[in-house]
Protein chains: 2
Amino acid sequence: MNVSSFRLMGVLGGMGPLATVDFLRKVVDATSAASDQDHIPFIVYSVPQIPDRTAAFFGWGPSPFSAMLKGVRTLETAGVESIAIPCNTAHLWHSQLQAQTPVEILHIVKATLEQVELQYGQPRLGLLATAATIESGLYQSHGQGKFDWVLPTEQELHEHVMPAIQAVKAGDLSLASDTLKRVAHHLFSRGAEVLVYGCTEVPIALQAESFPSIDPTLALAKQLVFRSTGCELVV
Amino acid sequence: MNVSSFRLMGVLGGMGPLATVDFLRKVVDATSAASDQDHIPFIVYSVPQIPDRTAAFFGWGPSPFSAMLKGVRTLETAGVESIAIPCNTAHLWHSQLQAQTPVEILHIVKATLEQVELQYGQPRLGLLATAATIESGLYQSHGQGKFDWVLPTEQELHEHVMPAIQAVKAGDLSLASDTLKRVAHHLFSRGAEVLVYGCTEVPIALQAESFPSIDPTLALAKQLVFRSTGCELVV
């Protein structure tokens, strides 16, 4: 066994389950491999019963923190060296979780904005994300003021984006895709140059090729592969 | 949290990594869910450095047993109640692993043959699988003599099926698909009525719709969902 050359990675998933599968597929695709043994080792904790992050942020539901911490502890016990969380909104609890563990927790927003700069420089960014991600300023507070943001209106957010995200969680991808495309066109018409698919359900319904865009799921997957192998894959 | 209504499941994966992702996707799709919280909780141990199963069977490489047992122990410690292994050839070590753990390890061949009977009765079965799965009689020894088998020839196996499986592991799906389709036609011309896609790389390259077929990955996924929820999904 050649395990020693790769570091064991952890994934705190289930938020949602299909987004976790999409993330794992991107991890496999972002690896340069000729055989099984060239792929990175990882452990996934996918417990979809973690309370809804958006509901918790708005005070409508319980906090997901203790359920997420249980996942982090399970991954820690299993021996992982870094953890990825393929859910943007969950990163509202990132620093609280990081304070509880010596294991590095990657940050999806930082990975995404690094990828934006590499690929596009400093474009005006449109943000497709949950109401909690947008209203908390999760994305806008990072990037050291380098980016201007074009956000969905309250109406677009609550009547279109959130139902589309829920449709992905329920498995209805074509409804989600049509809805998100309409909002995307509105963001471009209001000046966005590149879209951030800032909820892990969004890139499941919207192809990367549909618009000039950045997929945070892919940015995080690339970073996880890099942490495990020490080799950056230029895609 | 409503975790109590579902049992925590385990997946011993990484054999290969893409097959594990395909399996997880089928687990999510086989679940009747309207929100994240309706999906089953699971932990995946995906360590692709587990030694190659076919090489071990033929005595060309080390046994995967201790590496698989390490995965089983990790899942056991994390508290799973059943384990699925989305790799057919790995089931050559099924009873040896089961003897080491009180946690139930599902059996992909049994799940598959149950699905064959449900869906097709007792057809003559063509088998697309690794040389180790075929030459060990892994499939043929189950099913209580109910099924006749049509197998690839030595030449088809070593010159076409095995390279196609390797191509999937290396990410070349279109090469694998063309090759497997040719062998599938040969099996039908020699009397097969239904094909068993008996290596988890095969259904990644061959669509279920291409031929009258059974996908063991899907049969195992349905069984895992059933073990977690207690509810059978009729698909």
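Side notes on the structure shown:
- Relative contact order %, chain A, counting alpha carbon pairs below 8 Å whose residues are six or more apart: 25
- Prolate/oblate/rounded call for segment B:1-145, Cα gyration tensor, a/c under 1.5 rounded: oblate
- Global form of the protein assembly as shown, assessed from the alpha-carbon gyration tensor, a/c cut-off 1.5: prolate
- Under 12 Å, Cβ to Cβ, from A:Ala167 - net charge with Lys/Arg +1 and Asp/Glu -1: -2
- Whether segment B:67-193 is rounded, prolate or oblate, judged on the alpha carbon gyration tensor where a/c under 1.5 counts as rounded: oblate
- The largest accessible area among B:Asp148, B:Asp38, B:Asp22 belongs to the first residue in B:Asp148, B:Asp38, B:Asp22, and the rest follow in falling order (1.4 Å probe, all chains).
- Loop-exposed GluC sites (Glu not before Pro) per DSSP, neighbour cap 16 Cβ within 10 angstrom, longest uninterrupted part of chain A: A:82-192
- Contour minus Cα-Cα distance for B:Lys146 and B:Glu114 (0.36 nm per residue): 10.4 nm
- Evaluating 6.51 cos²θ - 1.76 cosθ + 1.60 at θ = phi - 60° for every residue in segment A:137-142, the Karplus couplings come out as x, 3, 6, 5, 7, 9 Hz, glycine and proline recorded as x.
- Dipole size of segment B:79-235 about its Cα centre, with +1 on Lys/Arg Cβ and -1 on Asp/Glu Cβ: approximately 100 debye, rounded to the nearest 20.
- Close amide-amide hydrogen proximity is noted between A:Val150 and A:Leu125, A:Gly126, A:Leu127, each under 5 Å apart and 5 or more residues distant or on a separate chain (H modeled in the peptide plane; Pro and chain starts excluded).
- The simple spin-label model puts a point 7 Å past each Cα toward its Cβ; for B:Gln96 and B:Arg190 those points are separated by 2.9 nm.
- Length gained on full extension, B:Lys181 to B:Ser210, computed as 0.36 nm times the residue gap minus the Cα-Cα distance: 9.6 nm.
- Low-density loop cleavage sites - trypsin sites (Lys or Arg not before Pro) in segment B:128-193, where at most 15 other Cβ are within 10 Å (DSSP): B:Lys146, B:Arg190
- Amide hydrogen proximity for B:Thr200: with H placed 1.01 Å from N in the peptide plane, the residues at 5 or more positions away or on another chain lying under 5 Å are B:Asn88, B:Thr89.
- Exposed-loop-free span, longest in chain B, where chymotrypsin sites (Phe, Trp or Tyr not before Pro) count as exposed if DSSP calls them loop and at most 13 other C-beta atoms lie within 10 Å: B:61-235
- Unit charges on C-beta of K, R, D, E only; dipole of segment A:42-117, Debye: 260
- Helix A:173-189 vs. chain A, principal-axis angle (Cα, 0 to 90°, nearest 10): 60
- Nearest 10 degrees, 0 to 90: helix A:108-120 Cα axis against chain A principal axis: 70
- Estimated vicinal HN-Hα couplings, Hz - segment A:152-159 in sequence order (Karplus 6.51, -1.76, 1.60; Gly, Pro = x): x, 5, 3, 5, 4, 5, 7, 9
- Inter-copy separations for B:Phe58, label at 7 Å along Cα-Cβ, nm, ascending: 5.9
- Cβ-vector label at 7 Å, B:Glu154, separations to other copies in nm: 7.7
- The mean sequence distance of close C-alpha pairs (under 8 Å, at least 6 residues apart), as a share of the length of segment A:123-164, puts its relative contact order at 55 percent.
- Subset of B:Lys110/B:Lys222; A:Lys70/A:Lys222; A:Lys110/A:Lys222; A:Lys26/A:Lys222; A:Lys26/B:Lys169; A:Lys169/B:Lys26 violating a 18 Å alpha-carbon distance limit: A:Lys70/A:Lys222
- Sorted shortest first, the separations between the A:Asp178 label point and its copies elsewhere in the assembly read 3.8 nm; each point sits 7 Å from Cα along the Cα-to-Cβ line.
- Applied to segment B:7-12, the Karplus parametrisation 6.51 cos²θ - 1.76 cosθ + 1.60 on θ = phi - 60° returns per-residue 3J(HN,Hα) values of 8, 6, 9, x, 10, 9 Hz, with x for Gly and Pro.
- B:Ile105 long-range amide H proximity, modeled H, under 5 Å: B:Ile83
- Taking the axis that rotates chain B onto chain A, the chain B residue nearest to it by Cβ, with the distance rounded to whole Å, is B:Val44, 2.
The values are calculated or read from the model by the stated rules, or taken from the named source; none is laboratory data. On a predicted model such as this, the values are computed, not experimentally measured, just so you know. No Cβ is skipped: glycine too gets one built from the backbone with ideal geometry, and neighbour counts run over all protein chains shown. With ligands, DNA and RNA removed, areas are computed over all heavy atoms of the protein, side chains included. Shrake-Rupley method; radii C 1.70, N 1.55, O 1.52, S 1.80 Å.
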